[in-house]
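Engineer: Okay, handing you the structure first.
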Amino acid sequence: MKKIFLLAIALFLLAACSAAPGANVAGEWKLVSYGDTPALPNVDTSIKFGTDGQVSGNVGCNSFGGSYEMKGDKITFGAMMSTLMFCEETSNQEQSVLSAFADGVSLQIKLDGDTLTITSPDGASVVLARK
């Protein structure tokens with residue numbers, strides 16, 4: 001009985017240590033679309049995920065930054081800070097993307113080659129492609 005118990009603990013620890021790590025999103029990404037809407041043409045976008053758990057970028061007019069945490073195929077953002085300039089032509093894009101990165105909401109991620117898709121619980125997606 002004792003041997004079976006120790007074997008069960010060893011198997012549990014082995015499984016926990018060999019669990020597949022989360023997708024590596026570190027690096028710089030360019031916005032391709034948000035929901036069903038393509039990113040605005042001729043608008044330089046950049047979202048950078050650091051290896052230190054920090055995210056920053058610009059998806060239109062304002063710079064933003066905050067923290068993120070990866071757990072398997074889920075990403076959770078911490079509180080975001082953003083500059084507050086008003087740019088009418090990009091405000092819809094910015095609001096849509098930054099609202100998807102809401103504080104404390106776990107989002108599904110899918111990394112397929114150089115394309116990262118972040119999907120919110122309501123099914124809206126933000127698609128990013130590595131620069």
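Read-outs: derived from the displayed coordinates by stated rules, not from any lab. As the structure is a computational prediction, the values presented were derived from the model and not from experiment. All Cβ positions, glycine included, derive from the backbone under ideal geometry; neighbour counts span all protein chains shown.
Engineer: At 0.36 nm per residue, minus the direct Cα-Cα distance, what do Ala102 and Glu89 gain on full extension? Give it in nm, one decimal, please. List each step's numbers first, then the result.
Structural biologist: Working: separation 13, 0.36 × 13 = 4.68 nm, distance 2.23 nm.
Additional length available on full extension: 2.5 nm.
Engineer: Further question on the same structure: Exposure proxy check: Leu98, Leu84, Leu111, Leu128 ranked by fewest other beta carbons within 10 Å? Show your work: numbers first, answer last.
Structural biologist: Working: Leu98 20, Leu84 6, Leu111 15, Leu128 30.
Exposure proxy ranking, most exposed first: Leu84, Leu111, Leu98, Leu128.
Engineer: Would you mind ranking Lys110, Lys30 so that the residue whose beta carbon has the fewest other beta carbons within 10 Å leads the list?
Structural biologist: Values: Lys110 13, Lys30 17.
By the 10 Å Cβ count, ascending: Lys110, Lys30.
Engineer: Suppose every Lys and Arg Cβ carries +1 and every Asp and Glu Cβ carries -1, with no other charges. What dipole size does region 23-131 come out with about its Cα centre, to the nearest 20 debye? Kindly include the intermediate steps, with their values, before the conclusion.
Structural biologist: Details: 7 positive and 13 negative charges, 56 e Å.
Dipole size: approximately 280 debye.
Engineer: Another question, then. Can you put Met70, Met81 in order, fewest other beta carbons within 10 Å first? Mind showing how you got there, number by number?
Structural biologist: Values: Met70 17, Met81 9.
Lowest count first: Met81, Met70.
Engineer: If I model region 21-130 as equal point scatterers sitting on the Cα atoms and use the Debye formula, what is log10 I(q)/I(0) at q = 0.15 Å⁻¹?
Structural biologist: Here the Debye-derived log intensity ratios amount to -0.56.
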